[in-house]
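Trainee: Have a look at the structure that comes next, please.
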Number of protein chains: 2
Amino acid sequence: MQNLSVKEAYDRIHSHIHQTAVITSSFINDHTGASLFFKCENFQKGGSYKIRGALHASLCLTENQRSKGLGTHSSGNFAQAVAISAKLTNTKAYVVMPSNAPAVKRAATLGYGAIVEECEPTLQAREETLAEIIERTGASKLHPSNDIDVIVGQGTCAYELIVTHPDLDYIVAPVGGGGVAAGTILACQQHSPNTKVIGAEPEQADDAYRSLKEGQIVPSVNPITIADGLRTQLGHHNFPIIKDGIDQILLVSEKAIIEAMALVWNRMKLVIEPSSATTLAAVIANPEVFKEKKVGLIITGGNVDLSNLPF
Amino acid sequence: MQNLSVKEAYDRIHSHIHQTAVITSSFINDHTGASLFFKCENFQKGGSYKIRGALHASLCLTENQRSKGLGTHSSGNFAQAVAISAKLTNTKAYVVMPSNAPAVKRAATLGYGAIVEECEPTLQAREETLAEIIERTGASKLHPSNDIDVIVGQGTCAYELIVTHPDLDYIVAPVGGGGVAAGTILACQQHSPNTKVIGAEPEQADDAYRSLKEGQIVPSVNPITIADGLRTQLGHHNFPIIKDGIDQILLVSEKAIIEAMALVWNRMKLVIEPSSATTLAAVIANPEVFKEKKVGLIITGGNVDLSNLPF
């Protein structure tokens, strides 16, 4: 049985990461009728919460394991998170990136000192290239969401929010691969049992919503959503936690995601990515749930391509 | 002789405004070789520092004067600032806006409760329309930069920065109409005499730079710069303060402004407007001035049109 203590994970990682700001907006509170607390992981190292889980998983390895490096395949935020985590824990990062990954993300990952290996843009090529690297180097494979140490690490974000704001009625977290949703549930179960966790998911990538309905993991097949961080699917490590602990998943339209994102950019002057905006979109679309409630929103990150904005 | 005490202005306004965050970026510090402190007035009420001066000017009026309202003409941040200031001091705001003002700024100004009067988009029409309103209502005319009470109010931004960061070598402020530059100089003269104030100005709107060279106000004639807040010119109230107290004005190219703006959006996840980015652009372009120095940057605002970005 692996250790599920979010507090212990926090104790391991907190000196290496930013305790990110919690920001409010009286305009958006008036607009929604709720009292919203934006937990700003866009300010986190690497621009997203992902470092929490990657770093925690690295610190949970034995020294001998860690010395051989960390390996992952990713075209997104987890690549940078693993690169920074390796740097912070004095080891190497091997990151497999598909050849169509955005140049800016590749450059950032390289900038943090990772060894980046390019491959064909298929899941099979990614898995095979990573397997070959792990075979050769003995590096430990990190999964961005379906790994208990990663999940518990992601829970430290909600843990920080709970500690500073102990009486939240809800925390809304985006649901993609399920890592931050499951981590948020663990944090609330362990430290704020009266806080309900609600998932926000794009209508056009509703595999987690359907998985809950069907009681088993439904695959995500070519989801088309602007929320690029939420195109992934749940895994066997996080699904039981989500199934057991989530209050509900609210679906949001692409239009609502873009409008919520613009609202935060315009009114709060924060650069947040579309995946993060699903949380506010869910609040705006469901006033009957959130009216007069104190609600934490996990703003998962701020990594966007400025040359390709939806406004 | 009017009261130039920035501390007294701060005492008058501080309970009505946000004490805005000061944010750092280790990435940008590494990139510039300097230690930079971003004073984030993009988080201020109305999305810019302008409320500081408008509110202070309103609070300096007699009760009888104030009861007749505040009047200004503006197509930019000062319109919203006057609208909010009127609301905070329980009076009316009369704002003359040219018919080509961005709809979003007009809507925001109306949203804060101002009475907005449209006019032809010429300076003459703006002045005449405002004069007619003032004649009719007895409202007090507020100038966005060439008014001592406004200037001293704008100085409260640097005052807050100095109080929290007492040992800055430099503060860099954008120079447009000269209000925040002059206010920053007063704040440093009164509370941190070892901190030098540097102005940042677009090469393509370099009237303040030329005014300093010539020892008199040089008009700004159709400046073409993305820094829309800096297309204005100095006035007889702020020019003597600037001439007396500024260390130097550094000119920045349009390309450097856009690059600095993108750097802040990408790395700090902050929405800042082009005028604000001139400060970082000046630091990046002049490493010989700023290397290993502690530098405050006045991030004047974050009001941008998301549908018309330069990226």
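The values are calculated or read from the model by the stated rules, or taken from the named source; none is laboratory data. Bear in mind the structure is a predicted one, so any value in this text is a computation, not a measurement. Positions of Cβ are generated from backbone atoms using ideal geometry, with glycine treated the same way; all protein chains shown enter the neighbour counts. Heads up: the accessible areas ignore ligands, DNA and RNA and are worked out on the full protein's heavy atoms, side chains in. Shrake-Rupley method; radii C 1.70, N 1.55, O 1.52, S 1.80 Å.
Trainee: So, in region B:19-43, of the ones that are assigned to a helix (DSSP H, G or I) and among the hydroxyl-bearing types (Ser, Thr, Tyr), which residue ends up nearest to the other protein chains (Cβ to nearest Cβ)? Can you show your working first?
Mentor: Narrowing region B:19-43 to residues assigned to a helix (DSSP H, G or I): B:26-32, B:41-43.
Of the ones still in play, those that are also among the hydroxyl-bearing types (Ser, Thr, Tyr) are B:26, B:32.
Numbers: B:Ser26: 9, B:Thr32: 16 Å.
Checking each candidate, the answer is B:Ser26.
Yes/no per residue for (1) open to solvent by less than 20 Å² (accessible area, probe 1.4 Å); (2) out of contact with any strand residue (DSSP E or B) (no Cβ under 7 Å at 6 or more places or on another chain); (3) in a loop (DSSP other than H, G, I, E, B):
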site	(1), (2), (3)
A:Tyr209	no, no, no
A:Leu234	yes, yes, yes
A:Pro240	no, yes, no
A:Leu250	yes, no, no
A:Lys255	no, yes, no
A:Ser275	yes, no, no
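Trainee: How many residues, within region B:97-137, are among the small types (Gly, Ala, Ser), modelled with pLDDT of 95 or more and either in a helix (DSSP H, G or I) or not assigned by TED's automatic domain parsing to the domain that holds B:Ser58 (or both)?
Mentor: Number of matching residues: 1.
Trainee: Looking at (1) of a type in the set (A, V, I, L, M, F, W, C); (2) under 23 Å from A:Thr184 (Cα atoms); (3) more than 14 Å from every other protein chain (Cβ to nearest Cβ), which is the only condition A:Ile224 fails?
Mentor: Checking A:Ile224 against (1) of a type in the set (A, V, I, L, M, F, W, C); (2) under 23 Å from A:Thr184 (Cα atoms); (3) more than 14 Å from every other protein chain (Cβ to nearest Cβ), the one that fails is (2).
Trainee: Can A:Asn3 be described as open to solvent by 40 Å² or more (accessible area, probe 1.4 Å), more than 14 Å from chain B (Cβ to nearest Cβ) and farther than 25 Å from A:Ile171 by Cα? Break it down stepwise before answering.
Mentor: Details: open to solvent by 40 Å² or more (accessible area, probe 1.4 Å): yes; more than 14 Å from chain B (Cβ to nearest Cβ): yes; farther than 25 Å from A:Ile171 by Cα: no.
No: the conditions fail for A:Asn3.
Trainee: Another question, if that's okay. Hey, can you tell me all the residues within region B:277-311 that are more than 14 Å from chain A (Cβ to nearest Cβ) and either open to solvent by 10 Å² or more (accessible area, probe 1.4 Å) or free of Cβ contacts under 8 Å to residues at least 24 places away in the same chain (or both)? Please lay out each step first, then the result.
Mentor: First pass over region B:277-311, keeping only residues more than 14 Å from chain A (Cβ to nearest Cβ): B:278-298.
B:Ile284, B:Ala285, B:Asn286, B:Pro287, B:Glu288, B:Val289, B:Lys291, B:Glu292, B:Lys293, B:Lys294 - these are the residues of region B:277-311 that are more than 14 Å from chain A (Cβ to nearest Cβ) and either open to solvent by 10 Å² or more (accessible area, probe 1.4 Å) or free of Cβ contacts under 8 Å to residues at least 24 places away in the same chain (or both).
Trainee: What are the residues in region B:44-79 that are part of a helix (DSSP H, G or I), in contact (Cβ under 8 Å) with a residue 40 or more places away in the chain, open to solvent by 10 Å² or more (accessible area, probe 1.4 Å) and under 24 Å from B:Arg231 (Cβ atoms), if any? It would help to see each step written out before you state the result.
Mentor: If we filter region B:44-79 for residues that are part of a helix (DSSP H, G or I), which is where we start, we get B:45-47, B:50-60, B:63-67, B:77-79.
Okay, now just the ones that are also in contact (Cβ under 8 Å) with a residue 40 or more places away in the chain, so B:46-47, B:50, B:52-60, B:65-66, B:77-78.
Still in the running and open to solvent by 10 Å² or more (accessible area, probe 1.4 Å): B:46, B:50, B:59-60, B:65-66, B:77.
Once the filter is applied, which keeps residues that are part of a helix (DSSP H, G or I), in contact (Cβ under 8 Å) with a residue 40 or more places away in the chain, open to solvent by 10 Å² or more (accessible area, probe 1.4 Å) and under 24 Å from B:Arg231 (Cβ atoms), region B:44-79 yields B:Gly46, B:Lys50, B:Asn77.
Trainee: Would it be correct to say that A:Gly183 is in the same structural domain as A:Cys157 (by TED's automatic domain parsing) and touching a Gly at 6+ places or on another chain (Cβ under 8 Å)? Don't jump to the end; show me each part of the working.
Mentor: Details: in the same structural domain as A:Cys157 (by TED's automatic domain parsing): yes; touching a Gly at 6+ places or on another chain (Cβ under 8 Å): yes.
Taking the combined requirement at face value, the residue satisfies it.
Trainee: Tell me whether region B:218-235 contains one or more residues that are farther than 30 Å from A:Ser48 by Cβ and among the charged types (D, E, K, R). Lay out the reasoning, then the answer.
Mentor: Going residue by residue through region B:218-235, those that are farther than 30 Å from A:Ser48 by Cβ are B:218-225, B:227-235.
Still in the list and also among the charged types (D, E, K, R): B:228, B:231.
Looking through region B:218-235, at least one residue is farther than 30 Å from A:Ser48 by Cβ and among the charged types (D, E, K, R).
Trainee: From B:Tyr94, B:Tyr170, which residue is within 25 Å of B:Ile23 (Cβ to Cβ), away from chain A (no Cβ under 14 Å), modelled with pLDDT of 95 or more and open to solvent by 20 Å² or more (accessible area, probe 1.4 Å)? Full working, then the answer.
Mentor: Details: B:Tyr94 fails: within 25 Å of B:Ile23 (Cβ to Cβ).
Just one listed residue meets the conditions, B:Tyr170.
Trainee: Identify the residue in region B:238-275 that is among the aliphatic types (A, V, I, L, M) and closer than 30 Å to B:Ser5 by Cα and, among all such residues, is nearest to the other protein chains (Cβ to nearest Cβ).
Mentor: To start, the set of residues in region B:238-275 that are among the aliphatic types (A, V, I, L, M) comprises B:241-242, B:246, B:249-252, B:256-258, B:260-264, B:268, B:270-272.
Those left that are additionally closer than 30 Å to B:Ser5 by Cα: B:241-242, B:246, B:249-251, B:272.
On the way: B:Ile241: 29, B:Ile242: 28, B:Ile246: 28, B:Ile249: 27, B:Leu250: 25, B:Leu251: 25, B:Ile272: 7 Å.
Residue satisfying both the conditions and the ranking: B:Ile272.
Trainee: Please tell me if A:Asn222 is open to solvent by 30 Å² or more (accessible area, probe 1.4 Å), in a loop (DSSP other than H, G, I, E, B) and modelled with pLDDT of 95 or more.
Mentor: Details: open to solvent by 30 Å² or more (accessible area, probe 1.4 Å): yes; in a loop (DSSP other than H, G, I, E, B): yes; modelled with pLDDT of 95 or more: no.
Answer is no for this residue.
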